[in-house]
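Colleague: Got a structure for you, written out below as structure tokens; questions coming shortly.
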Amino acid sequence: MQLAYYPGCTIKVSAREHERAALAILRELGIALREMPEWNCCGVVHTLTGENLIRQMAPLRVLARLRQQGEREAVTLCDMCFNTLARANHLARTQPDQVSALNATSGGGLDYDGAGEVLHLLHLLRDRVGLAAIRKRVRRPLRDLVVYPYYGCKLLRPTGIGLDDPEMPTLLRDLMESLGATVVEGSLQTQCCGAYLAVDRAGLVTERVGATVEQARDAGAGAIVLSCPLCHFNFATLQPHAGAPLPVLYYTQAIGLAFGLDPAELGLDDRQMEALGRAVPSQALHDLAHARGGSA
Amino acid sequence: MSEPATLVTMELMGKEYRVPSGLTILAAIEYAGYKLVRGVGCRGGFCGACPTLYRREGSHRIFTALACQTLVEDGMCLVQMPFVPVPTKPYDLHGITPQPTTLLRFFPEIAGCVACNTCTRACPQGLPVMDYIQAALRGDIERVAMLSFDCIACGICSSRCPADIKHYAVGLLARRIYGKYLVPPSEDLAVRVSAIEAGRYDAELRKLMELPLADLRARYEQRNFETVAEQHRDHSATQRYNSPMDPVDYQDELEGV
Amino acid sequence: MELIDGYPASMRESIALVERTRPARLGRTFPAMSLEERKALLLGHHPDYQAGAKRPLRFGPSKGLLLNHELADLFEARPLVRPNLDLSTIDADVDLLVIGGGGAGTVAAIWAVQSGLDPARVLIATKLRHGDSNSTMAQGGIQAADRPEDSPVQHFLDVMGGGHFTNRPDLVRALVSDAPLIIQWHERLGVMYDKDSQGRFVENPGGGTSRNRMHSARDYTGLEIMRVLRDEARNLGIRVIEFSPAIELLGDESGRVAGAVLLNLETRRYYIVRAAATVLTTGGLGRVHIQRFPTTNHYGATGDGLVLAYRAGAELVDLDAVQYHPTGAAFPAQMAGLLITEKVRGLGAQPLNRLGEQFVFPLEPRDVEAAAFIRECGERGLGIPTPHGICGVWLDAPMVDLIHGPGTIRAALPAMYRMYTRFGIDMTRDPILVFPTLHYQNGGVAADEHGATRVPGLFVAGEVMGGIHGKNRLMGNSLLDFNVFGRRAGIAAAHYARAHRPGRLSLAHVAEYERMLREAGVETTRTAPRILPDYRGKEALERYLDVPV
């Protein structure tokens, strides 16, 4: 019997006796190994690290720049950015040697000590401003609006990075209730919208969006409130064609409406306001939609 | 040189030469006996024809420079890079409507930027190349135009990029879009062009052309001068962004490694 | 040699004087000269007027024209190809051949295509890379009278006076009248000029200009224009052959120019191009180092086009005058001869002598300014000597930030700031040392306002063309010149190409030229065109230092 043989570097350098013995016993057994004429390292040096450090370059550079600019904390709105930065920060704190290694092999500029802090805007609103202060600022409570908070994945996972309990979050519910809205909930609130698979399995995203929207409608929701721009894109563009789509709001827009700000300033055009008005025959929202530029 | 220069050793394409210190790399190559055709151009730091790759003793790094703008060092091991192919598909600038995604559409490979910063470290003009690629990615055409403005298209960035980005072509398109679409056209200029096309100055120019020399000299001597101070205008957009300066010399790495 | 922030102690002593006089000099400028004073200064001190530096051309249509010896040598030289070269195999047969891939050539090619020629039948042949040219190196700006305070008439006067009234008026009229059209064309191509938020150009003065009409793009004006033009030419699909200079024009049996012999610099093979029309845009001659001056010019600026055109029967004009830019870098040695843009003076920096005193109006026409610097360093003995033997005068750069606000130098003169920083000098804090450097050829091949020479089928544009600037060019008129006449020549050549077909290729004019050389008694082993200068060995040092080693 003849077989192709991949030796690997260690066998050739520090375990030659093992190779000699192996070849010897195989010869006795009538088996011949033919060394691959050209081969490379199996790559263990890289796989042993367990971390793909290249993908940490961009977020670590952001954090290093933050410190170089003399700042400690930075606020971000995007769930994706928050998650990526917070995880890189976690790496910097728990495995500083990896950051040093990356810095040393990439020409400097990634010298980061883990002392920065990444805040999601929801952190800021919940923990620094406080829901009580938000409630106090409300001018036009969203009394007749029934909302379905959608969390998706990046805001909550993994534990230790996420803002709230990954399975039973209450953050958006508490926030919406403080605006005077009625909250309905359901099991699909924390399911990923599928954005990761948008290219490979486009149908999956549509399917998930459809199911979630249906759950929200069944629960009596007049709008979906969410935080992540990727989720927003999917919910705004991939709702099933039948019937008018369920309006999709960022939580910031909901807060703005409750504060009595001009919808235009909140990036809500007439079409969106009408959709909201259709969903909610609320006098307050109706007033808002027709009070251009009027803030309280 | 009035005082005799000390000699340094450089290794040029595998051969050692003793050359006077204080010469630029370009002059040192010529001193060594080369008559260059490739890898040389304006000799003044403007054309980008003389990118040089080199290593220094004691460092594993590849350094980059313009041969006409950098002094030769003892122990330098160098080669000139005559050409970096950066082919781009032809486009019609006049048919472009600038959008945040315009640059990404023409150069989809910029999405592959991993923020490794190799381009910035390699730029002999000291430009924040990665920053302008990142700005391109997020559709900030003005920022790309400003940050890339001092680019001389030597191509070193593109030769070193792990994502195969065509940096200088991205900058060039951004600047052309900015210059054409994002800055208002000059009204004074439009008025003057119409006047010229209507023949407003023809008679007076003809009169000057036919004037006897002595009279023309008199007209010349009688000119009144506008002073610098008569023009008070806010600084142009190109001047709001300070030009970034020369690359950091990664001296610390030399000592550290 | 011990340096203190880039300068030796000997030069630091003079810098201290500059700093002492600076407060009093702010807002006080040395008065401008009268025409008579200018004349006396030029006759006494400008290199063009020095006895013994020139000799008359001995043959041909411009016989008698006084030329610097280095330039006369180019004409009194043997051709590189033999007249009996086999021309039966044509490598490229095109409507338009453009010789020279700098600004003028690229503009000509673009406008020939705009005028209806097929871009695949337009060929740019260039010595080095497309765009490697003096055009790319022009820093300060481009003139165009487009503000209400200004007019093409005012521009006309400035140009004529700057050229000592030797310019050809019809060419000047074309220059100043087309200038705003060119700027508008650039605007539409997306050239990023310095503008304010309303779209108004930032316009500065230049030497010899009575109005602020210098349009700039930081101090990379030429680079910005050139890279946009090159991009446009590529997008139009115009063919370019690089590293292939023309070494001789080709004629046909009817006496027209009908293409050229190119030389592939890498394979050393000839490449025969037949063309219905030919535009010669080969640029200038700084690299022949007239009177041993260092130069600001590109490596390929060896005056090839002058030789080619003269052999084909064209006339030369104003080549007795060469422009020495007053502000070439004089220190440090590695920068010697490199251009310090006139914009530095345009923004208010004053020239000073060793004592920190002003001695000349900062913005005289270039030849006058240069002569004043030479007088200060020579006859008056008030220059600042450098350790490497050359002498210079100060340009008080820090005044720019004092007048226009901190940060102006870094924002408006990044190329200058970058270059000095590379060699250890901070021009926001210290003055910089300058001395005249060979910059521009002023004259060239005679042509009409459409770039047509007296030889049918041969057009010229850009620095190789003469007559526009007379004996002295003003700042900001060369970028303008190559655009105006590149465009005009491109359009005229396209029309010509449509009306004429080239006949049987011939080098009869080369045989004729050799006959004239013999009759004039020129016996030499020199050849021309020069193609590239030779700096091997100790030449590498000499050229830097302007002193024999």
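Colleague: Taking B:Ala32 as the residue in question, decide whether it is closer than 23 Å to B:Ile152 by Cα, modelled with pLDDT of 90 or more, of a type in the set (A, V, I, L, M) and not assigned by TED's automatic domain parsing to the domain that holds B:Asp150.
Modeller: In short, no.
Colleague: Residues C:Pro169, C:Pro205, C:Pro180: which one is at the interface with chain B (Cβ under 9 Å from one of its Cβ atoms) and closer than 21 Å to C:Ala32 by Cα?
Modeller: C:Pro205
Colleague: Criterion first (part of a loop (DSSP other than H, G, I, E, B), in contact with a Pro (Cβ under 7 Å, 6 or more places away or on another chain) and within 11 Å of chain B (Cβ to nearest Cβ)) does C:Gly199 satisfy it?
Modeller: yes
Colleague: Report the residue count in region C:356-369 for those that are in contact with a Lys or Arg (Cβ under 9 Å, 6 or more places away or on another chain) and within 14 Å of another protein chain (Cβ to nearest Cβ).
Modeller: Number satisfying all stated conditions: 5.
Colleague: What helices (runs of 4 or more DSSP H), lying completely within region A:127-223, carry at least 1 residues that are within 22 Å of A:Gly260 (Cβ to Cβ) and in contact (Cβ under 8 Å) with a residue 24 or more places away in the chain?
Modeller: A:131-137, A:171-178
Conditions (1) part of a loop (DSSP other than H, G, I, E, B); (2) surrounded by fewer than 24 Cβ atoms within 10 Å (Cβ to Cβ), marked per residue:
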{"site": "B:Glu109", "(1), (2)": "no, yes"}
{"site": "B:Cys119", "(1), (2)": "no, no"}
{"site": "B:Pro124", "(1), (2)": "yes, no"}
{"site": "B:Asp131", "(1), (2)": "no, yes"}
{"site": "B:Glu142", "(1), (2)": "no, yes"}
{"site": "B:Ile152", "(1), (2)": "yes, no"}
{"site": "B:Ser158", "(1), (2)": "no, yes"}
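Colleague: Considering only region A:166-183, state which residues are under 27 Å from A:Glu207 (Cβ atoms), among the hydrophobic types (A, V, I, L, M, F, W, C) and surrounded by 18 or more Cβ atoms within 10 Å (Cβ to Cβ).
Modeller: A:Leu171, A:Leu172, A:Met176, A:Val183
Colleague: Can you tell me which residue among C:Thr278, C:Thr282, C:Thr327 is touching a residue at least 60 places away in the same chain (Cβ under 8 Å), among the hydroxyl-bearing types (Ser, Thr, Tyr), surrounded by 23 or more Cβ atoms within 10 Å (Cβ to Cβ) and outside any strand (DSSP E or B)?
Modeller: C:Thr282
Colleague: Only one of C:Thr136, C:Thr126 is within 21 Å of the chain's Cα centre (by Cα) and within 11 Å of chain B (Cβ to nearest Cβ); which?
Modeller: Matching residue, one of C:Thr136, C:Thr126: C:Thr136.
Colleague: Next up: Limited to region B:74-87, what total is found for residues that are surrounded by 15 or more Cβ atoms within 10 Å (Cβ to Cβ), over 13 Å from B:Gly39 (Cβ atoms) and out of contact with any Asp or Glu (no Cβ under 9 Å at 6 or more places or on another chain)?
Modeller: Qualifying residue count, region B:74-87: 1.
Colleague: Pairs only if they're at least six apart or on different chains, beta carbon under 6 angstrom, first in region B:35-60 and farther than 24 Å from C:Ala329 by Cα and outside the structural domain of B:Gly155 (by TED's automatic domain parsing), second assigned to a loop (DSSP other than H, G, I, E, B) and among the basic types (Lys, Arg); list them, first residue then second.
Modeller: Sorted first by the residue in region B:35-60, then by its partner, the pairs are B:Lys35/C:Arg536.
Colleague: Give all pairs with beta carbons closer than 6 Å in which a residue from region C:334-355 that is more than 13 Å from every other protein chain (Cβ to nearest Cβ) and farther than 10 Å from C:Asp219 by Cβ meets a residue that is in a loop (DSSP other than H, G, I, E, B) and of a type in the set (D, E, K, R); count only pairs at least 6 apart in sequence or on separate chains.
Modeller: That search, which allows pairs on different chains as well, returns C:Leu352/C:Asp396.
Colleague: Which of the residues that make up region C:29-60 are part of a loop (DSSP other than H, G, I, E, B) and without any contact (Cβ under 8 Å) to a residue 12 or more places away in the chain?
Modeller: The answer is C:Ser34, C:Ala51, C:Gly52.
Colleague: Say whether the condition of being modelled with pLDDT under 90, within 14 Å of chain B (Cβ to nearest Cβ) and under 22 Å from the mean Cα position of the chain (by Cα) is met by at least one residue in region C:377-392.
Modeller: no
Colleague: Next question. Given the criterion within 10 Å of another protein chain (Cβ to nearest Cβ) and either among the charged types (D, E, K, R) or touching a Pro at 6+ places or on another chain (Cβ under 7 Å) (or both), identify the matching residue among B:Ile177, B:Ile152, B:Ile141, B:Ile156.
Modeller: B:Ile177
Colleague: For the condition within 7 Å of another protein chain (Cβ to nearest Cβ), under 19 Å from B:Val193 (Cβ atoms), at pLDDT 95 or above and part of a loop (DSSP other than H, G, I, E, B), what is the one hit in C:Val191, C:Val153?
Modeller: On inspection, the qualifying residue turns out to be C:Val191.
Colleague: Could you say which residue among C:Ala314, C:Ala372 is away from chain B (no Cβ under 14 Å), of a type in the set (Gly, Ala, Ser) and assigned to a helix (DSSP H, G or I)?
Modeller: None of the others qualify; the one that does is C:Ala372.
Colleague: Would you check which residues across region C:419-448 are farther than 22 Å from C:Thr209 by Cβ and either aliphatic (A, V, I, L, M) or part of a strand (DSSP E or B) (or both) and list them?
Modeller: C:Met419, C:Ile425, C:Met427, C:Ile432, C:Leu433, C:Phe435, C:Leu438, C:Gly444, C:Val445, C:Ala446, C:Ala447
Colleague: Also, quick follow-up: Against the definition (touching a residue at least 24 places away in the same chain (Cβ under 8 Å), closer than 30 Å to C:Lys54 by Cβ, outside any loop (DSSP other than H, G, I, E, B) and not assigned by TED's automatic domain parsing to the domain that holds C:Glu203), how does C:Val360 come out, yes or no?
Modeller: Answer is no for this residue.
Colleague: Could you tell me which of the residues C:Thr21, C:Thr29 is closer than 21 Å to C:Ala349 by Cβ and either of a type in the set (A, V, I, L, M) or at pLDDT below 95 (or both)?
Modeller: C:Thr29
Colleague: Moving on to the next point. Have a look at C:Val460, C:Val484 and point out the one that is within 14 Å of another protein chain (Cβ to nearest Cβ), crowded, with 24+ Cβ neighbours inside 10 Å and modelled with pLDDT of 95 or more.
Modeller: C:Val484
Colleague: Within region C:218-228, work out how many residues are facing chain B (nearest Cβ under 7 Å) and on the phi < 0 side of the Ramachandran plot.
Modeller: 4
Colleague: Related question: Please specify each residue of region B:1-35 satisfying the condition of being facing chain C (nearest Cβ under 8 Å) and in a loop (DSSP other than H, G, I, E, B).
Modeller: Across region B:1-35, the qualifying residues are B:Met1, B:Ser2, B:Glu3, B:Gly22, B:Leu23, B:Gly33, B:Tyr34, B:Lys35.
The values are calculated or read from the model by the stated rules, or taken from the named source; none is laboratory data. Keep in mind the model is a prediction, meaning the values are calculated, not measured. Here Cβ is always computed from backbone atoms with ideal geometry, including for glycine, and neighbour counts include all displayed protein chains.
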